[in-house]
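Participant: I have a structure I would like to understand better, so I am pasting it below and will then ask my questions one at a time.
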Amino acid sequence: MSLNAHLDELDKKILNALMVNARVPYAELAKKFNVSAGTIHVRVEKMKSTGVILGTKVEVCPKKLGYDVCCFIGINLKSAKDYPSALAQLKALDEVVEAYYTTGNYNIFVKLMTRSIDELQKVLIDKIQQIEEVQSTETLISLQNPISRDVHP
């Protein structure tokens with residue numbers, strides 16, 4: 001598998017359509033793109049096997065589930081060798097929904113969701129800052145998320 005899968009125009013059209021609605025029937029896509037349903041199936045399977053399509057998922061609204069606080073935490077580790085251990089401990093926290101190993105001011109940058117500021121404070125004090133490998137943190141609270149989208153082929 002190459003790092004960048006080659007997608008032709010039909011692959012891109014199929015991928016864009018699936019990104020809008022992953023449940024659209026292959027027969028409907030076939031009619032829309034003037035090809036057979038078998039062609040759509042083969043193309044989708046190819047994109048799955050090359051890792052272009054990683055899966056499908058249900059998108060939920062965190063606010064509707066009571067998660068009112070979204071924040072980003074920049075984490076500085078005591079040493080670069082502490083990364084695997086710190087990451088394993090962060091992965092165990094349900095509140096951490098994304099994590100990135102970064103260059104710049106922080107070693108790790110995480111996205112965290114909590115139901116309240118009080119819960120955020122408890123997670124910071126009782127969980128993240130208790131990780132032995134963490135030297136310091138900086139928290140940025142998100143006020144809104146005006147842009148959220150996937151990359152397009």
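The values are calculated or read from the model by the stated rules, or taken from the named source; none is laboratory data. This is a predicted model, so every value here is computed, not measured. Please note: Cβ atoms are built from the backbone with ideal geometry, for glycine as well, and neighbour counts cover all protein chains shown.
Participant: Restricting to the stretch 51-66, name every residue that is touching a residue at least 12 places away in the same chain (Cβ under 8 Å), over 24 Å from D11 (Cβ atoms) and within 17 Å of the chain's Cα centre (by Cα).
Facilitator: Residue satisfying the conditions is P62 alone.
Participant: On to the next question. Starting from the stretch 25-37, keep only residues that are without any contact (Cβ under 8 Å) to a residue 24 or more places away in the chain, then list their pairs with residues that are of a type in the set (K, R) and in a helix (DSSP H, G or I) whose Cβ atoms are within a distance under 8 Å, requiring at least 6 positions of separation or different chains.
Facilitator: Pairs that qualify, where the first residue is without any contact (Cβ under 8 Å) to a residue 24 or more places away in the chain and the partner is of a type in the set (K, R) and in a helix (DSSP H, G or I), are F33/K13.
Participant: Would you point out the residue of the stretch 19-37, among those that are surrounded by 14 or more Cβ atoms within 10 Å (Cβ to Cβ) and β-branched (V, I, T), that is nearest to the chain's Cα centre (by Cα)?
Facilitator: Filtering first and then ranking leaves V24.
Participant: Of the numbered conditions (1) surrounded by 14 or more Cβ atoms within 10 Å (Cβ to Cβ); (2) within 22 Å of the chain's Cα centre (by Cα), N16 satisfies every one except a single condition; which is it?
Facilitator: Going through the list (1) surrounded by 14 or more Cβ atoms within 10 Å (Cβ to Cβ); (2) within 22 Å of the chain's Cα centre (by Cα), N16 breaks only (1).
Participant: Same structure again: Looking at K57, K63, K32, K81, which is the one that is at pLDDT 95 or above and closer than 30 Å to L140 by Cβ?
Facilitator: Of the residues listed, the single one that is at pLDDT 95 or above and closer than 30 Å to L140 by Cβ is K81.
Participant: Let me ask something additional. Give the residue that is farthest from P153 (Cα to Cα), with candidates limited to residues of the stretch 18-39 that are β-branched (V, I, T) and part of a helix (DSSP H, G or I).
Facilitator: Residue satisfying both the conditions and the ranking: T39.
Participant: Now for a different question. Could you check the stretch 12-27 and list, in sequence order, the residues that are of a type outside the set (K, R) and out of contact with any helix residue (DSSP H, G or I) (no Cβ under 9 Å at 6 or more places or on another chain)?
Facilitator: Residues satisfying the conditions are N16, M19, V20, N21, A22.
Participant: Further, regarding this structure: Take the residues of the stretch 82-92 that are among the small types (G, A, S) and in a helix (DSSP H, G or I): which is surrounded by the most Cβ atoms within 10 Å (Cβ to Cβ)?
Facilitator: Among those that are among the small types (G, A, S) and in a helix (DSSP H, G or I), it is A86.
Participant: Of the residues that make up the stretch 31-45, is at least one aromatic (F, W, Y) and in contact with a strand residue (DSSP E or B) (Cβ under 7 Å, 6 or more places away or on another chain)?
Facilitator: Scanning the stretch 31-45, I find no residue that is aromatic (F, W, Y) and in contact with a strand residue (DSSP E or B) (Cβ under 7 Å, 6 or more places away or on another chain), so the answer is no.
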